[in-house]
1. Would you pick out the residues in the range 70-102 that are closer than 16 Å to residue 46 by Cβ and touching a strand residue (DSSP E or B) at 6+ places or on another chain (Cβ under 7 Å)?
2. What residue, among those in the range 80-94 that are crowded, with 21+ Cβ neighbours inside 10 Å and part of a loop (DSSP other than H, G, I, E, B), is modelled with the highest pLDDT?
3. Inspect the range 98-113 for any residue being outside the structural domain of residue 183 (by TED's automatic domain parsing), at pLDDT 95 or above, under 17 Å from the mean Cα position of the chain (by Cα) and not in a strand (DSSP E or B) and give the result as yes or no.
4. Any idea which of (1) buried (at least 22 other Cβ atoms within 10 Å of the Cβ); (2) in contact with a strand residue (DSSP E or B) (Cβ under 7 Å, 6 or more places away or on another chain) is the one residue 247 doesn't satisfy?
5. Name every residue in the range 148-172 that is in contact with a strand residue (DSSP E or B) (Cβ under 9 Å, 6 or more places away or on another chain), at negative phi, assigned to a loop (DSSP other than H, G, I, E, B) and modelled with pLDDT of 95 or more, in order of residue number.
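The values are calculated or read from the model by the stated rules, or taken from the named source; none is laboratory data. Values in this document were obtained by computation on a predicted structure and should not be read as measured data. We place every Cβ from the backbone using ideal geometry, glycine too, and count neighbours over all the protein chains shown.
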């Protein structure tokens, strides 16, 4: 079991009183995925979607985040979802239901992007190497990846999936997989919407949503996929609440970290 991380950064952040990563998944820090305004979906429609689960005593495991299958051995999720060692984490794949069905596989190794900063949410990406390979089927399949620094057109239709809250602040999540369609937002416009926020919109981020709000990801969707034209372009990262006006969802920009993904996975 191995967790690849830049410990110097982690301990330096802890030393100045920075919150541990689980705090990022609450309403005060607004760093957890946030699906609102979506519809029920099936895993056969989105076979790359997985539930990232945290394992506790007596082998009890709980959904904490979403993730995306990129090969039989690797899953992508958000770095802020990871706060312990690999043997605390696993995935459930091949099920439309959050806590039952499908297959469960433990993580063997977790790689966190070396530039990840849990205060700024830059480079919010982690790679889970699975203990045993997935067997592909109608309900388990990889999502294609974009090229390094591939441009994603403003207004392009993105699909976000996950088991997160259906309403901001409920902290209940959805038992059934949800999907919502949101447009890619112009980066400069997103920066304007968040100019009064303590966190900046960085080049390692991409925004999606409507200026008027109404549709978004929510708590429990973090790490889940944002897919445009069949390619994984983002991972649910943070936002100001859920589906609020002038508060689009902010995602880790997958094309920006494509070389890191290839270096680790060969995909």
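1. Filtering the range 70-102 for residues closer than 16 Å to residue 46 by Cβ gives 70, 75-77, 91-98, 101-102.
Across the range 70-102, the qualifying residues are 70, 75, 76, 77, 91, 92, 93, 94, 96, 97, 98, 102.
2. 94
3. Yes.
4. (2)
5. 150, 152, 153, 154, 156
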